[in-house]
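The structure appears below as structure tokens.
The values are calculated or read from the model by the stated rules, or taken from the named source; none is laboratory data. Please read all numbers here as calculations on a predicted model, not as lab measurements. No Cβ is skipped: glycine too gets one built from the backbone with ideal geometry, and neighbour counts run over all protein chains shown.
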Ligand code: SF4
Ligand code: SF4
Ligand code: SF4
């Protein structure tokens, strides 16, 4: 019997899934099993779109189709957190299993606190994540660093601190720190990210801690909830997956690896936040950068720590482009301590305004003051307002 806290190696029993899936296909096998057995009504995954630079969300109801979501997409920077509230009626009547990275899961918690989705109906298979790069940076990396035509690259992956590409039957790799020193590599929010192993999910799956002779043939699984333990047991009994308890030495190696990655994230935080440490400097930089804003509302629409509506921002700041500073300050206040640093508001800003840097810097300060960790669990934020209808009542609007 599995239990919360168990650490194990897992792999798909079906040779086809093992072959096509990543690291022995355990995640694909678990998702397929959950759908096949009616534990969930559908699987939400991400598959390759037109090319390896195109990550496409896909909702699957046929278990045979789950295999199409196998494999990772380093250049895919989608965030799935708002998907459930926007397109799946907040999971009121639908049970979904989804493969999710840390920022997806954190955003899901913040959405659930804002009553945008029913967590009970979501089975979360967490994917360990070292970071992602934007498709445009990845294309530049291939051309300028690897000197390879991006169109010829069939596969890219991160492995043991290296970016590896496969093209025309050949392979090249480069260390990520070297890449980042040269101005390429992961998005800045990913460099600061401390949720590399998403323990808020039901299971956290990845490569760290895999025994040398099992690399590529098994996934390291940390069981993070009773529901996760139940899924592992059921899949094991049904012959969908095989498992083995993780070796103590590998568990220690995984812990060391996680600690070193977190230390690196702290260094990036220090580097990114120090120019903003004086409030005067921070405000000056915010005013300068936001003066380019074309008020497209993308930063509002994509943020998992905000409600789905842009209406308050339209009502409070009609007309002017660029908008008054208050437009941005309202968003800062609304997100305040709940920013999970997913990077969406920055990456998708058409004017390249470093929105997530500003927001994350505020969140980090508030985290220090109040001890509230955004996206960690269902506890309420210390500052942000969760009850949108009362916050947005016409009386409040008039007062503004
Ligand atoms: Fe991965 Fe964290 Fe970046 Fe999300 S923010 S893609 S979990 S490194
Ligand atoms: Fe302004 Fe950028 Fe936000 Fe659009 S996404 S409203 S341009 S800050
Ligand atoms: Fe993500 Fe930006 Fe919202 Fe923070 S403010 S949660 S970085 S979209």
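Descriptive notes on the structure:
- Selection within the stretch 219-239 - surrounded by fewer than 23 Cβ atoms within 10 Å (Cβ to Cβ) and over 23 Å from the mean Cα position of the chain (by Cα): 230, 233, 234, 236, 237, 238, 239
- Checking the stated criteria, residue 346 turns out to be within 15 Å of ligand 3 (Cβ to nearest atom), farther than 20 Å from residue 114 by Cβ and touching a helix residue (DSSP H, G or I) at 6+ places or on another chain (Cβ under 7 Å).
- Reported count of residues in the stretch 244-254, each being touching a residue at least 12 places away in the same chain (Cβ under 8 Å) and either assigned to a helix (DSSP H, G or I) or in contact with a helix residue (DSSP H, G or I) (Cβ under 6 Å, 6 or more places away or on another chain) (or both), is 4.
- Checking each residue in the stretch 180-189 for being surrounded by fewer than 24 Cβ atoms within 10 Å (Cβ to Cβ) and within 15 Å of ligand 3 (Cβ to nearest atom) picks out 187, 188.
- Filtered residue count, the stretch 333-347, keeping only those that are within 11 Å of ligand 1 (Cβ to nearest atom) and modelled with pLDDT of 95 or more: 5
- Among the residues of the stretch 288-310, those that are within 20 Å of residue 117 (Cα to Cα) and away from ligand 1 (no atom under 16 Å from the Cβ) comprise 300, 301, 306, 307, 308, 309, 310.
- Residue within the stretch 258-265 that is modelled with pLDDT of 95 or more and within 12 Å of ligand 2 (Cβ to nearest atom) present: no
- Answer from 66, 50, 40 - the residue that is in contact (Cβ under 8 Å) with a residue 40 or more places away in the chain, away from ligand 1 (no atom under 16 Å from the Cβ) and over 19 Å from the mean Cα position of the chain (by Cα): 40
- Criterion (under 16 Å from residue 203 (Cβ atoms) and surrounded by 22 or more Cβ atoms within 10 Å (Cβ to Cβ)) met by exactly one of 46, 66: 66
- Comparison of 274, 260 shows that the only residue that is in a helix (DSSP H, G or I), under 30 Å from residue 339 (Cα atoms), within 16 Å of ligand 1 (Cβ to nearest atom) and out of contact with any strand residue (DSSP E or B) (no Cβ under 6 Å at 6 or more places or on another chain) is 260.
- Residue 156 surrounded by fewer than 18 Cβ atoms within 10 Å (Cβ to Cβ) and away from ligand 2 (no atom under 16 Å from the Cβ): no
- When the residues of the stretch 277-303 are filtered to those that are within 16 Å of ligand 3 (Cβ to nearest atom) and assigned to a loop (DSSP other than H, G, I, E, B), the one that is surrounded by the most Cβ atoms within 10 Å (Cβ to Cβ) is 303.
- Of the criteria (1) within 17 Å of residue 189 (Cβ to Cβ); (2) over 21 Å from the mean Cα position of the chain (by Cα), which one residue 352 fails: (2)
- Check on residue 339, more than 9 Å from ligand 3 (Cβ to nearest atom), surrounded by 15 or more Cβ atoms within 10 Å (Cβ to Cβ) and within 28 Å of residue 196 (Cα to Cα): no
Listed here are the residues, each with its yes/no results for (1) within 16 Å of ligand 1 (Cβ to nearest atom); (2) within 24 Å of the chain's Cα centre (by Cα); (3) without any contact (Cβ under 8 Å) to a residue 40 or more places away in the chain.
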| position | (1), (2), (3) |
| --- | --- |
| 152 | no, no, yes |
| 169 | no, no, yes |
| 176 | yes, yes, no |
| 187 | yes, yes, no |
| 195 | yes, yes, no |
| 207 | yes, yes, no |
| 217 | no, no, no |
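- Any hit, the stretch 107-120, residues being without any contact (Cβ under 8 Å) to a residue 40 or more places away in the chain and more than 21 Å from residue 340 (Cα to Cα): yes
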